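Just below is one structure, and these are the notes that go with it.
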Amino acid sequence: MSRRSSLDELHLRLTRTAKHRKNSCEPGEWAAGVAMPLELPHAAGPANKTPRSLKISMPRMRHHEPEPAVAGSHGARADADPEQTALPPRLRSRLNELFFQIEKEFESVCTENVALHKELELLQEKPDREPGDRCEETDGAVKSKQKLMSHAAQKLKPAYKLKQQTSKIVSSFKAASAVCSLVREYRSHKDGVWEVSTGRPGQNVIGTASADHTACVWSVDTGRCLLQYQGHEGSVNSVRFHPSRDLVLTGSGDQTAHVWQAVVTMDTGRALSSEEEVDPTELYDPMELGPADGSNALRTPILELTGHSGVVIAADWLAGAEQVVTASWDRTAQLFDVTTGESLNTLAGHDQELTHVSAHPHHKFVVTSSKDTTFRLWDFREPIPCVSVFQGHTDTVTSAVFSRDDKVVSGSDDRTCKVWDLKNMRSPLATIRGDAAINRLDVSAANVIALPFDNRHVRLYDLSGQRLARLPRSNRLGHRRMVCSVTWSDDTSCGRPNLFSSGFDNIAIGWLITPPKDSKD
């Protein structure tokens, strides 16, 4: 019993010692638990028996890499004599391998550090020179960029000089453009004015067609409404004067066209001299400008032309004024006899609604425009009319008219105006590009094209597409809403308006267009 007790006491003492060493040592000192043999004293026994040994398992601890010793050595424990260390050979070999790997990593870091120090010294000594291939490439790219910028700057100087010279040339062109001035405003309508047209030469009147179901005849000189036609039941979309008689042709949204007599007495009120202009800000009394009490109002037409199943959007007198042609939203145009009022011919072929019709002033040619992006030329010199189709626009053709030298000028919602030769309809002679949709245009006797735009502007061009002028417009001058129509006057009296425009702001305006001095005959 005493022997057993002494063994237990020794085992307990060794366990406490191991626990104490574990708690007091630094982390990583013990890499692993080691089974250490311990010889214990034995009591006397048989002589042939060898002493027993007791293995005590030491507690295993987490492995931590030891701090490296001086470079070039494998650690103090590695240099120690194997006989003087208690570590087993296997553990000692593992530790040697780990220390060798640490030494290799440390040497590579030192080598990289030395290289970085050398590169830093070179940078400090020669800042203008970039060491390394990558830095040399960057420096070359910077130098190339500087050369390119210098080369571009050298090119920019003559380009800038050329731009200045071009601006001077353009300014000289602008100085030679036509002079446009507002002469008079014509106010009486209560709704938008779709179209304006001029009377025959020497009559000094204009006509307007309005969405307020009326058409008015105005004195050009005084701006007073001389006659108001109230015979239509719908919007009046078109108005045209007879070339030799006191007759007016109107087309309406009530699907009819009316011919009515326009015998007017010229206003004997205050007249303006040829050099006097009306202040555009002057306020007019509508009671003085129109037939307020119903006087000078006409309600009964001489002739009513029927036969369309849709809105009559436009109408015009054929050359000779014995026949009229009408255009309708029913996709057809009709030729009527003025004497009998009968329909002589129906012009079909458009795929969509018609938007305008215009007749040649001297020949029996008619051109119809449509929403199908085309306009058609009709020749009535033969009993069976011949038709030619013009294609070139990408949107609704709002109008097409003849010029004095047998050309056709068309305008479209695609913001372009095109000039066509009647002998070659394959491609236009000129194309004018605007910044808004073009409405009902007109061409003067001097072949000047007036283009009314949806954006309230009116611009003038020649048949080659060269821009001549733009009518002035501001908050107090010009149209305040889209310009629907323009028309030229053949009257060249000094100081009298020779261009008229109408808009959806319920007014018509008379303009004086004076050509540049160097273009006068």
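The values are calculated or read from the model by the stated rules, or taken from the named source; none is laboratory data. These numbers come from a predicted model, not from an experiment. For neighbour counting, all protein chains shown are included, and Cβ atoms are generated from backbone atoms with ideal geometry for every residue, glycine included. Heavy atoms of the whole protein, side chains included, go into the accessibility calculation; ligands, DNA and RNA do not. Shrake-Rupley method; radii C 1.70, N 1.55, O 1.52, S 1.80 Å.
THR326 meets the conditions (1) surrounded by 20 or more Cβ atoms within 10 Å (Cβ to Cβ); (2) without any contact (Cβ under 8 Å) to a residue 40 or more places away in the chain in every case but one. The failed one is (2).
Against the definition (closer than 28 Å to THR373 by Cα, within 29 Å of the chain's Cα centre (by Cα) and open to solvent by 50 Å² or more (accessible area, probe 1.4 Å)), how does ASP505 come out, yes or no?
So ASP505 does not fit the description; no.
Pairs are defined by a Cβ separation below 8 Å, a sequence spacing of at least 6 or placement on different chains, a first member in the range 298-310 that is among the small types (Gly, Ala, Ser), and a second member that is outside any loop (DSSP other than H, G, I, E, B) and open to solvent by less than 40 Å² (accessible area, probe 1.4 Å); the pairs so defined are GLY307/GLN334; GLY307/PHE336; SER309/SER328; GLY310/SER328.
Looking across SER485, SER474, one residue alone is open to solvent by less than 30 Å² (accessible area, probe 1.4 Å) and among the polar types (S, T, N, Q). It is SER485.
Across the range 398-436, the qualifying residues are those that are without any contact (Cβ under 8 Å) to a residue 12 or more places away in the chain and not in a strand (DSSP E or B), and the one among them that is nearest to TRP488 (Cα to Cα) is LYS423.
If you go through the range 341-358 and pick out every residue that is within 16 Å of PHE390 (Cβ to Cβ) and surrounded by 15 or more Cβ atoms within 10 Å (Cβ to Cβ), you end up with 8. Can you say whether ALA445 is open to solvent by 40 Å² or more (accessible area, probe 1.4 Å) and within 27 Å of PHE500 (Cα to Cα), as far as the supplied structure shows? Yes, satisfied. For residues that are part of a strand (DSSP E or B) and more than 22 Å from ASP491 (Cα to Cα), tally how many sit in the range 442-479. Within the range 442-479, residues that are part of a strand (DSSP E or B) and more than 22 Å from ASP491 (Cα to Cα) number 4.
Restricting attention to the range 377-413, report how many residues are of a type in the set (Phe, Trp, Tyr) and open to solvent by less than 10 Å² (accessible area, probe 1.4 Å).
Start the filter on the range 377-413 by keeping residues that are of a type in the set (Phe, Trp, Tyr), which leaves 378, 380, 390, 402.
Going one step further and asking which of them are open to solvent by less than 10 Å² (accessible area, probe 1.4 Å), we end up with 390.
Counting residues in the range 377-413 that are of a type in the set (Phe, Trp, Tyr) and open to solvent by less than 10 Å² (accessible area, probe 1.4 Å) gives 1.
Count of the range 506-517 residues, restricted to those that are in a loop (DSSP other than H, G, I, E, B) and at pLDDT 95 or above, is 1.
Of all residues in the range 207-226, those that are closer than 16 Å to PRO497 by Cα and of a type in the set (Asp, Glu) have Cβ atoms under 8 Å from Cβ atoms of residues that are outside any strand (DSSP E or B) and open to solvent by 20 Å² or more (accessible area, probe 1.4 Å), 6 or more apart or on another chain, in ASP221/ASN204; ASP221/ASP267; ASP221/ALA271; ASP221/LEU272; ASP221/ARG496.
Can you spot a residue in the range 233-252 that is surrounded by fewer than 19 Cβ atoms within 10 Å (Cβ to Cβ), touching a residue at least 60 places away in the same chain (Cβ under 8 Å) and closer than 17 Å to SER328 by Cα? Full working, then the answer.
In the first step, residues of the range 233-252 are kept if they are surrounded by fewer than 19 Cβ atoms within 10 Å (Cβ to Cβ); the result is 233-234, 242-246.
Right, trim to touching a residue at least 60 places away in the same chain (Cβ under 8 Å) and you get 234, 242-245.
Of the ones still in play, those that are also closer than 17 Å to SER328 by Cα are 234.
The answer is yes; a qualifying residue exists.
Inspection of the range 378-391 finds no residue satisfying the criterion of being assigned to a loop (DSSP other than H, G, I, E, B), out of contact with any Ser or Thr (no Cβ under 8 Å at 6 or more places or on another chain) and closer than 30 Å to ALA178 by Cα.
So which residues in the range 395-429 are at pLDDT below 95 and small (Gly, Ala, Ser)? Result: SER403, SER427.
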